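As structure tokens, the structure follows; a few thoughts come after it.
The values are calculated or read from the model by the stated rules, or taken from the named source; none is laboratory data. Source: prediction; values computed, not measured. Don't worry about glycine lacking a Cβ; one is built from the backbone with ideal geometry, like all the others, and counts go over all protein chains shown.
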Amino acid sequence: MNKESFNFIDLFSGCGGFSNGLELAGHKCLLGVDIDKDAIESFKVNHPNAQGHVMDIHKLTKPVLEKILDGQQVDMVVGGPPCQGFSTVGRGDAEDTRNSLFKQFVRVVKITQPKVVLFENVTGILAKKNEQTLKAIFKSFERLGYNMDARVMSADEYNVPSKRRRTIIMGVKGGLPQYPEAAKGPKVTVDQVLKKLSKRKKVHNHEVEKAQLANELDKKRLKHIPAGAGIRYERDELKYLPKRLRFDVNWKEISEGRFRQTKLQRLALDAPAPTILTSRTMYYHPVECRYLTVREAALCQSFPMNFIFKGSQTAQFRQIGNAVPPLLAKHIGEEIKKIDFSKKQKVVFDRDKLAKSAFSYREKRQYA
């Protein structure tokens, strides 16, 4: 097998952020599968040499795979099943039926027998309540001969202008999982993204008129809020908003125990964006009184300027928010090329240690 370039398939591919990054690293995508029709339309436009199928993964049987692949060898299987069952933002539930999708991922790996499996999930998968689920996932792959490891990776440490943190699980058959070191140099900021965009005359998915606020009162409020600020506490309201524009809420009744969402949160210019989510209403342009455009959100996720998104604006934001940042995937893909498949050591995976540092993880691997 040519270790310089792996053929791979992308399960739960979405629009293809993972695939795009791996292709930038020199690997070849053969197939993307997702149940989201709009996402697969985007995938097909941006991956013309790969097949894209709108399909429930349960229906991706061995005969179906063999017909699609037509004899092509699969060296790597990547994916990111729906992660709400483990989410620390919502109510994580180890019994969530969506977690059964892990079994389907393993089933396809068993059919294709790749050298590498690569799996993305939320940091919540490391929570104590999900310990048995994580062990089961690892054991499922270990039974197939894979050395398993995991890292919490923050996208902003890999030239991505947003702070998305995810658990990246990797399995290697006949070798050791290998993860990239953080990129050297300053982090990419929102200001750099916007300046890059301002130099272009015509850009796909950059419709400023569709990013305007419908609520006139919020428009007036936003004019008073500087870049990097928002209204989360009463002190923010008192600091930024004149009395006539303040919210009609009893701040004392909003406890920290509840999910407290920052209102009118502008992005900071001199830093990476927060995690780009699936809704456009979470963040606002750092200077202008509007939401982000689809293209601005995509650039914050490190999608190339020429990556085209299909579907409604709601569908496009969903695709961006669900995607693995391409530049993060590129760094991982470049490191995978360096794997020595002759090493026989086994990884000593310490879930507790990783979980404790899940939000500030900087640690070297340990091997037996």
- Item | Flag for R280 being touching a residue at least 24 places away in the same chain (Cβ under 8 Å) and touching a strand residue (DSSP E or B) at 6+ places or on another chain (Cβ under 8 Å) | yes
- Looking only at the stretch 13-49, count how many residues are touching a residue at least 40 places away in the same chain (Cβ under 8 Å), under 19 Å from M76 (Cα atoms), part of a loop (DSSP other than H, G, I, E, B) and out of contact with any helix residue (DSSP H, G or I) (no Cβ under 6 Å at 6 or more places or on another chain). 1
- Query: Is there a residue in the stretch 163-177 that is out of contact with any Phe, Trp or Tyr (no Cβ under 8 Å at 6 or more places or on another chain) and more than 30 Å from K343 (Cβ to Cβ)?
  - Reply: yes
- Message: For the stretch 228-265: of the residues being in a helix (DSSP H, G or I) and either within 26 Å of D191 (Cβ to Cβ) or touching a Gly at 6+ places or on another chain (Cβ under 7 Å) (or both), which is modelled with the lowest pLDDT?
- Response: D236
- Answer yes if at least one residue in the stretch 257-266 is within 24 Å of P326 (Cβ to Cβ), crowded, with 17+ Cβ neighbours inside 10 Å and free of Cβ contacts under 8 Å to residues at least 60 places away in the same chain, and no otherwise. no
- Query: Is it the case that Q192 is part of a loop (DSSP other than H, G, I, E, B) and under 22 Å from E157 (Cβ atoms)?
  - Reply: no
- Some residue of the stretch 201-215 being over 25 Å from the mean Cα position of the chain (by Cα) and closer than 28 Å to M153 by Cβ: no
- Message: As an exercise: evaluate S198 against (1) within 21 Å of E120 (Cα to Cα); (2) out of contact with any strand residue (DSSP E or B) (no Cβ under 6 Å at 6 or more places or on another chain); (3) of a type in the set (G, A, S) and give the number of the one condition it does not meet.
- Response: (1)
- Item | Boolean, R235 is surrounded by 12 or more Cβ atoms within 10 Å (Cβ to Cβ) and basic (K, R) | no
- Scan of the stretch 39-58 for residues that are charged (D, E, K, R) and under 17 Å from G80 (Cα atoms), ordered by number: D56
- Residue count, the stretch 154-165 (criterion: part of a loop (DSSP other than H, G, I, E, B) and surrounded by 23 or more Cβ atoms within 10 Å (Cβ to Cβ)): 3
- Task: Quick one: count up the residues across the stretch 116-153 that are assigned to a strand (DSSP E or B) and in contact (Cβ under 8 Å) with a residue 40 or more places away in the chain.
- Result: 13
